[in-house]
1. Any residue in the range 93-121 that's free of Cβ contacts under 8 Å to residues at least 60 places away in the same chain and among the aromatic types (Phe, Trp, Tyr): show its pairings with residues that are part of a helix (DSSP H, G or I) and buried (at least 19 other Cβ atoms within 10 Å of the Cβ) at Cβ separation under 8 Å, as long as the two are six or more apart or on different chains.
2. Only one of (1) without any contact (Cβ under 8 Å) to a residue 12 or more places away in the chain; (2) under 17 Å from the mean Cα position of the chain (by Cα) fails for Phe72. Which number is that?
3. If you check Lys67 against the conditions, is it exposed (fewer than 15 other Cβ atoms within 10 Å of the Cβ), outside any helix (DSSP H, G or I), without any contact (Cβ under 8 Å) to a residue 40 or more places away in the chain and among the charged types (D, E, K, R)?
4. Mind checking which residues of the range 70-109 are over 17 Å from Ala35 (Cβ atoms) and buried (at least 18 other Cβ atoms within 10 Å of the Cβ)?
5. For the list (1) at pLDDT 95 or above; (2) of a type in the set (A, V, I, L, M); (3) out of contact with any Phe, Trp or Tyr (no Cβ under 7 Å at 6 or more places or on another chain), I need the number of the one condition that Ala15 fails.
Amino acid sequence: MKKIVAVTCLALAGASTAMAQQPPKAATTTAQLVAMCQQRNDVAQQNFCHGFGQGVFDTYLISRHPKNAPAFICAEGNGLTRQQHLDNFIKWTSANPQFNQMSAADTVLRYLGETYPCKKG
């Protein structure tokens, strides 16, 4: 009986390690977000796109710690509308298809960081 318990524990430990190594599946991929955002005549999809992008950016702003996670996006004062940002994001994703199956939230942050990097020093 002790052998069965020991073998079961080892099997479960191995399974949990294997599961921990798998990256989480994106709830909304970049490709899905872009497909929705390109539906310019669908008000619901446009609202989702604008809200998703704003939500990702707002979460970035309130969740970073100035000492532990310094700013890497400095988009203040660029004068673009939300729709212009969205259009630029869609163009950027076309040039960077390697992110299509990644989390849309991660890709939005990557786009903003590359497009509006903070000055060093």
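The values are calculated or read from the model by the stated rules, or taken from the named source; none is laboratory data. All values reported here derive from a predicted model rather than from experimental measurement. Every residue, glycine as well, gets a Cβ built from its backbone with ideal geometry; the counts of neighbours run over all protein chains shown.
1. From residues that are free of Cβ contacts under 8 Å to residues at least 60 places away in the same chain and among the aromatic types (Phe, Trp, Tyr), the pairs are Tyr111/Phe89; Tyr111/Thr93.
2. Failing condition for Phe72: (1).
3. Yes: the conditions hold for Lys67.
4. The answer is Ile73, His85.
5. Answer for Ala15: the failing condition is (1).
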